[in-house]
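So the structure is just underneath, and the comments pick up after that.
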Amino acid sequence: MNLILQHLVVLPVVVPLLSAAIMVLLPEERRTARVVLALVSVLIQLLIGAALLYLTSDAAPFIWPEGVGVYAIGNWAAPFGIVLVVDRLSAVMVTLGAVVSIATLVYSIARWDRPAQPFHSLFQLLTMGLNGAFLTGDLFNLFVFFEVLLASSYGLVLRGVGAERVRTGMHYIAVNLTASLLFLIGVALIYGIAGTLNMADLAGRAAALNPSDRALFDAGAAILGVAFLIKAGSWPLNFWLPGAYSVALAPVAAAFAMMTKVGLYAVLRVGTILQEDETLAAALFYVGLATLITASIGMLGAKHLARLVSFSLLASMGILLATFGLRMEALTGPLMYYMIVSVLTTSAFFMLTGMTDRTRITDPPVSKDEAPPPRPLYVAFGVRKPADYGIDEEVGIAIPAAMAFLGLMFVCCVLLVAGLPPLSGFVAKFALLATALRGAPQSGVPIETWTLCAAIILSGLAALIALSRIGMRLFWSVAARATPRLRVLEAAPVAALVLLCLVLTVAADPVARYLNTAARSLHQPDTYVHAVLAARSREEARRP
Amino acid sequence: MEMVYALVIGVLAGCGTWLLLRPRTFQVLLGLTLLSYATNIFIFGMGRLAVHKAPVIDASNSIDPAVYADPVPQALVLTAIVIGFATTALFLVVLIALRGLTGTDHVDGRESEE
């Protein structure tokens, strides 16, 4: 037990890595073994996430004194060795990632994971990259984990072949490769000036820089910020996102809902550690606002549900970035709450689009491009025949009243996206607006806050209009539609995520309290820095 | 030496950016490759340029940091090269797949109307 506790922080990285490696070694036809392995792996991740949540809270102060767990890889101490660090924010992100992984994995088992060989390995590596990015305490390792999750996402986004998928997939890959190069340039500049890449060590050194070096350091931080913002899907660097996400397979897009949040997490973490100056923060506000506005317009113009959901994902990123750009510490807690709700909602919504697409008798969004490609391509992709992606295979039990279920889930998702009561989308947006207005200075509410409030409310209205229009066409139109055959395996994850949002509404108070503590410790990186660097002095004390 | 070094980075990055914005997939691939070369050389330069300095500490010699080159950027470059190589290979596969599926090497999968 003590051994597990000691190595708990590294397990979210090791478990998916091991399971992915074992899957590669299994013979190709062992699908069941792969599925079981994948499910066990994500379940373990969820348990670890829950344990990390418990240990970083004040409930167990005897294990990690300040709620910050540090794991020195290879037992090399902090500024020279590589560390994994878990604090409240990391624990929340790891748990959220595991919840989304379980839901999308169960959903994909219904029929989307065939052929199973590359899918499950890639999925595990994606979760490994996510967990690693949330846990690492080192800028260069952040880059490496970003690459791990991006490389597996490249494989996942191309699943299903089809010219449209390959075309948007290539745009996605090109943009993200360029972003990775920017990331490297930023990291190199910061290393060249500060001489360290450990985030805790950087916090101290950045404050002690002399003014002549500071400009170059800020340039490095800004380039790094641009790389994060590309991953977070902020305007004007997000035109690849709706295309790539809306043609990806439904469970893949649902899993990707978590991926944009890695960019946001990096902005939050590095932004608070490096104590960015005011102009950069102001830029973040306007960039977020522009993202929100363009995404709202995109929602109104979208014709397909998957595309609309992609734009709603962008709108939520806009709200998050703009809120963080206001530089109000009290807002960070509600921001995290909104982020959790938005991840769960978008993920559920993407999975729902996979089911509603089946109601069309003719003209699914990508069908015109899915004319059988020339034979050699199947060989190149290791795909045997296109029927592998067909929907005719019977897995699980078909549930009755499919249309009623789809309609109910659709309404819930609309309520969540638009931010209407009684679901948690309303609580999240209300908390954001109320905190922003309450925290304003005595002299009056600044114009930025009013602009943000107006933009959030109007974007909710835009989402409502756009979604009602599509919903009416989908469920009420007179045109003949096939009643889809739903399987429990597909319906249950969507229902579970929506139910989780309902639980978040009821349990809003304890969740918000936890997140507010997380926000406070994020804005006072002293405990984080202290915990990371203290591990070293402990180590030195033990040596003769 | 610094001047030549900076010029090399500048020329590589400039050519890479231009090629990246071209409409043919192979040009984009070459652009990404050139840009990654520029980035790698830049990372290496961030460890400060030095001649006749080893990055690996010699145990028999004195342990004086001034005698050695900074090993960290060299390690970073190595990682970046490996990752860049793998992603370029993947991009090449996607490029060929798109060519096979659409019959054109335009990045949008169809020729622009002109």
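The values are calculated or read from the model by the stated rules, or taken from the named source; none is laboratory data. In this text, all values refer to a predicted model and were calculated from it rather than measured experimentally. Note: ideal-geometry Cβ built from the backbone for every residue, glycine included; neighbour counts use all protein chains shown.
A few notes on this one:
- Filtered residue count, the range A:60-79, keeping only those that are in contact (Cβ under 8 Å) with a residue 12 or more places away in the chain, assigned to a loop (DSSP other than H, G, I, E, B) and of a type in the set (Phe, Trp, Tyr): 1
- The number of residues in the range B:80-114 being small (Gly, Ala, Ser), at the interface with another protein chain (Cβ under 10 Å from one of its Cβ atoms) and under 21 Å from the mean Cα position of the chain (by Cα) comes to 3.
- Selected residue (only one of A:Ile48, A:Ile22, A:Ile63 is over 17 Å from A:Val106 (Cα atoms) and crowded, with 20+ Cβ neighbours inside 10 Å): A:Ile48
- Filter pass, B:Val28 being within 30 Å of A:Gly81 (Cβ to Cβ), within 12 Å of chain A (Cβ to nearest Cβ) and surrounded by 14 or more Cβ atoms within 10 Å (Cβ to Cβ): no
- Boolean, A:Leu55 is assigned to a helix (DSSP H, G or I), over 13 Å from A:Phe134 (Cα atoms) and hydrophobic (A, V, I, L, M, F, W, C): yes
- Residues in the range A:157-188 that are more than 7 Å from chain B (Cβ to nearest Cβ) and over 24 Å from B:Arg110 (Cα atoms): A:Ala179, A:Ser180, A:Leu182, A:Phe183, A:Gly186, A:Val187.
- Residue list for the range B:44-79, filter: assigned to a helix (DSSP H, G or I), within 14 Å of another protein chain (Cβ to nearest Cβ) and surrounded by 10 or more Cβ atoms within 10 Å (Cβ to Cβ): B:Phe44, B:Gly45, B:Pro71, B:Val72, B:Pro73, B:Gln74, B:Ala75, B:Leu76, B:Val77, B:Leu78, B:Thr79
- Whether a residue is hydroxyl-bearing (Ser, Thr, Tyr), under 18 Å from A:Ile293 (Cα atoms) and assigned to a helix (DSSP H, G or I) was assessed, and A:Thr435 does not pass this test.
- Any hit, the range B:35-42, residues being among the β-branched types (Val, Ile, Thr) and either modelled with pLDDT of 90 or more or surrounded by 14 or more Cβ atoms within 10 Å (Cβ to Cβ) (or both): yes
- Scan of the range B:1-25 for residues that are surrounded by 14 or more Cβ atoms within 10 Å (Cβ to Cβ) and either under 17 Å from the mean Cα position of the chain (by Cα) or closer than 26 Å to A:Thr196 by Cβ (or both), ordered by number: B:Tyr5, B:Val8, B:Ile9, B:Leu12, B:Ala13, B:Cys15, B:Gly16, B:Thr17, B:Leu19, B:Leu20
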